[in-house]
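Accompanying notes for the structure given below.
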Amino acid sequence: MKSVFLIINPNAGMRQARRFLPEMISLFNRAEWLCSVYVTEKRGDATDFARLHGGETDLVVACGGDGTLNEVITGLLQGSHKTPLGYIPCGSTNDFANGLDLPLEPLPACDSIIFGQPRLLDIGLFGSDRYFSYTASFGAFTSVAWSTPQNVKNVIGHAAYILEGIRSLADIHPIHMKINADGRKYEDDYIFGAVCNSTSLGGVLKLDDTEVHMSDGLFEALLIPFPQDLLALNRIITALRTRHYDDPSLLFLRASVFTFSGTSDVKWTLDGEEAEGTSTVEVRNVHNAVTLLCR
C-alpha cells in the first residue's frame, strides 16, 4: 500500500478541508493509499513539515489555499525532495488551480489526484530562498491579497480583492524600476508588475491561456507603465479587458530570469502572501521543479 501525507490548513477559505476531511481520507483509503494527516496551526508549519518529512512518503498533498500550496512546495524544494505533489484547493481565490483547470471541490480534487498523471511544473525562485508557484507581483493590488481580512474573503471571494484594491487606488504611486529580462533591459515608472506562471492573478487580472505555459522554462511578465492621463488609463483598461498584451500601453515579456532594480521599500506578493523586497531582486524560473498529480 502506498502512503500519502495530507497537509491541511483547517482555516483556509470556507474551511472546506475541515468539513470534508473524513470523506477525503476515505477516498484515498479506498484507492489503497495509507493516509496520514498533518494539520497546520500557524504560518510556516506546512513548510517545516514538508521539508522535514516530505521524503518519507509516496505523495504529499496540500489541502488549503494558494498560500498553503506555496508553503508545501517551498518545504519540498528546501528539503530537496522529489516526492510527487497533489493539491486540493480550499482557498478564497485558488489562482493556481484555476490556471491548471483543477477541480475546485475537495472530493473531485481527490479523485483528480488519485487517478491523475504526473505533470512537471516550473516553480519561481524569488531572491535566494523564497519560492512561488504562480506569481510574484508588485504595485497596485498586490498588497490586497495579504491585507484583506480572511472573513471578508470568505464572504465575497474574488470580489474582496477587487473591492479592496479599488478602495486603495488613491494611494497608488508610480514605482520606478529597471528590469533585465534575459539580457533585455527596460526602465520606466510602473503601477503594476507581475512575473507569473498562471492565467489568473488574484481575480484582478486574467491572462489568456494561450499565452501561459507552465512547464516551458519561461515565465511571463506583465508590466503596466504609469498612465500620464485619463486617456492612457482607459487604453490600459481596454487592453487588459480584451487581453491585447501587445498593446503599446502594456509591456508583456517572456524570460527565464528577471532582475528588478528599484527601491528597497517596494512591496512584493508571492502567491498572495507578503514578501520582503530589496533594491535588487532576481526572479528565476526553476524548470520542472515539482511533479503534480492531476488529470
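Here are the numbers for this structure:
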| quantity | calculated |
| --- | --- |
| Residues of the stretch 96-118 classified as under 19 Å from residue 26 (Cα atoms), among the hydrophobic types (A, V, I, L, M, F, W, C) and part of a loop (DSSP other than H, G, I, E, B), total | 2 |
| Residue, farthest from residue 74 (Cα to Cα), within the stretch 16-46, restricted to residues that are touching a helix residue (DSSP H, G or I) at 6+ places or on another chain (Cβ under 6 Å) and assigned to a strand (DSSP E or B) | 35 |
| Set 67, 13, 75, 54: member being at pLDDT below 95 and part of a helix (DSSP H, G or I) | 67 |
| Per-region count, the stretch 271-281, residues more than 17 Å from the chain's Cα centre (by Cα) and assigned to a strand (DSSP E or B) | 2 |
| Boolean, residue 19 is out of contact with any strand residue (DSSP E or B) (no Cβ under 8 Å at 6 or more places or on another chain) and at pLDDT below 95 | yes |
| Residues of the stretch 58-88 that turn out to be crowded, with 20+ Cβ neighbours inside 10 Å, β-branched (Val, Ile, Thr) and within 24 Å of residue 32 (Cβ to Cβ), as a count | 4 |
| Verdict on residue 49 being within 26 Å of residue 129 (Cβ to Cβ), modelled with pLDDT of 95 or more and not in a helix (DSSP H, G or I) | no |
| Odd one out for residue 150, checked against (1) in contact with a Phe, Trp or Tyr (Cβ under 7 Å, 6 or more places away or on another chain); (2) at pLDDT below 90 | (1) |
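The values are calculated or read from the model by the stated rules, or taken from the named source; none is laboratory data. Predicted model only: the values in this text are computed from it and were never measured. Every residue, glycine as well, gets a Cβ built from its backbone with ideal geometry; the counts of neighbours run over all protein chains shown.
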